[in-house]
Amino acid sequence: MELFDEGLHSGVNLALSVDKVLYREQTDLQDLMIFENKNFGRVMSLDGSVQTTEKDEFIYHEMFVHVPMLAHGRARRALIIGGGDGGAARQLMKYSDIAVTMVDIDRTVVELSKKYMPSVSGGAFDDPRFNLVIADGCKFVKETGEQWDVIIIDSTDPHGPGEVLYTEEFYSDCKSCLTPGGVIITQNGVPFVQEAELRTSYDRLGRLFRDVSFYLAAIPSYVGGVMAYGWATDDVDLRKTGLAELAARYMDAGITTDYYTPEVHQAAFALPLHIQKALTKEG
Ligand code: AG3
């Protein structure tokens, strides 16, 4: 039996059985593979790291999208950087009054996800409220004069092509693309095995925004424990949005979810002590 052996983190590997290879190619930009696994369904990997699986993508994408959307409460424009599988876009489309721009560097990822994992994007790519831009996200945020209420940085880990999406310059350019009171969410890895990356993001975002924190969710196919989403905004009240208010907004939005609840939203911001300590540790 063929094994997919992730090796993203040194010293701990995720091994998945490859029940069937559906696609494998070195694109101009990255090494892309789609295969079937009996627990996760179809799995997409880029440069040897799991990006999305059919079975657990809802956890990752619901928490990426509904936490900022419902904390913000009046977001009408959302920007996704990366996110080529369309999972974040699908969650955003659950809001009736939304316009979404997604900027991904690799058109192949978008096309293959649509073909082999259609449930992930769930028609979002064909929605009139969705606008796809194939471009370098760094360049895009530097040059666009437009602004968004919620910016979701759905990137790969900070190695290879994704690394630039973790720099202070990029975060600062994103900040210029935020409407007042807007919020940026980042994919920040699994703190237990990527503690240094957590701290780096905390420092970089902390120099730019009044309120910087993280929230957590366990994504079964991201090995090593819970993963952290970065949270950055100048509106210090957003993170404190109360449970009753979140519940009212969730009801009003009329969306359905399988992981997200207002209670999970609030609880996700409670950081275990070892993570809090990691954030204040000296460089
Ligand atoms: N975004 C997250 C990739 C994380 C990979 N990390 C890992 N395997 N531990 C990819 C795009 C999902 N929409």
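Values quoted throughout were computed directly from the atomic coordinates according to the rules given, and no laboratory measurement underlies them. Model, not experiment: these values are computed from the prediction. We place every Cβ from the backbone using ideal geometry, glycine too, and count neighbours over all the protein chains shown.
Work out the FRET efficiency for L29 and D234 from their Cβ-Cβ distance, taking R0 = 45 Å, and round it to the nearest 0.05. E(calc), rounded to 0.05, equals 0.85. The three principal axes of the C-alpha atoms in the chain carry coordinate ranges of 52, 47, 37 Å, sorted with the longest axis first.
Dimensions of segment 150-205 based on its C-alpha atoms, expressed as ranges along the principal axes with the largest first, amount to 34, 21, 17 Å. Potential lengthening of the chain between R210 and D126 amounts to 26.6 nm, from the contour at 0.36 nm per residue minus the alpha-carbon distance.
For the options I219, I81, I255, a Gaussian network treatment of the chain with springs between C-alpha atoms closer than 10 Å singles out I255 as fluctuating the most. Using Cβ point charges alone (K and R +1, D and E -1), the dipole size of segment 175-283 about the Cα centre works out to roughly 320 debye.
In units of the compact-protein estimate 2.2 N^0.38 Å, segment 3-52 shows a Cα radius of gyration of 1.09. Our coupling estimate for segment 102-107, obtained by passing each phi through the Karplus curve with A = 6.51, B = -1.76, C = 1.60 and θ = phi - 60°, is 10, 10, 10, 7, 10, 5 Hz, Gly and Pro reported as x.
Looking at segment 208-283, the GluC sites (Glu not before Pro) that sit in a DSSP loop and have at most 14 other Cβ atoms within 10 Å of their own Cβ are E282.
The Cα center of segment 64-132 and the Cα center of segment 187-212 differ in position by 24 Å.
Please give the calculated 222 nm ellipticity per residue for the chain, where each DSSP H segment of at least 4 residues contributes -39500 (n - 2.57) and the sum is spread over every residue; nearest 500 deg cm²/dmol?
Values: 10 runs with 90 residues, N = 283.
Helices in the chain give a 222 nm mean residue ellipticity of -9000 deg cm²/dmol.
Across the options L205, S221, Q187, the greatest Cα extent toward the positive end of the charge dipole of segment 57-280 (unit charges at beta carbon of Lys, Arg, Asp, Glu) belongs to L205. Taken along the Cα-to-beta-carbon direction at a fixed 7 Å, the label points for N39 and K139 span 4.1 nm. When the chain is described by a simple charge dipole with +1 on each Lys and Arg Cβ and -1 on each Asp and Glu Cβ, the residue from L32, F269, P128 located farthest towards its positive end is F269. Remark: spin-label model distance K115-A196 equals 3.8 nm, labels positioned 7 Å along the Cα→Cβ axis.
Rounded to the nearest 20 debye, the dipole size of the chain about its Cα centre is 600 debye, using +1 on the Cβ of Lys and Arg and -1 on the Cβ of Asp and Glu.
From the cross-link list K38/K115; K139/K240; K94/K115; K240/K277; K20/K115; K139/K175, which pairs have alpha carbons spaced over 24 Å apart? Don't skip to the answer; put the middle values down first.
Numbers: K38/K115 19 Å; K139/K240 33 Å; K94/K115 22 Å; K240/K277 21 Å; K20/K115 16 Å; K139/K175 14 Å.
Too far apart for the 24 Å limit: K139/K240.
Rounded to the nearest whole Hz, the Karplus-based 3J(HN,Hα) values (6.51 cos²θ - 1.76 cosθ + 1.60, θ = phi - 60°) of segment 211-216 follow the sequence 10, 10, 7, 9, 9, 10, with x at glycine and proline.
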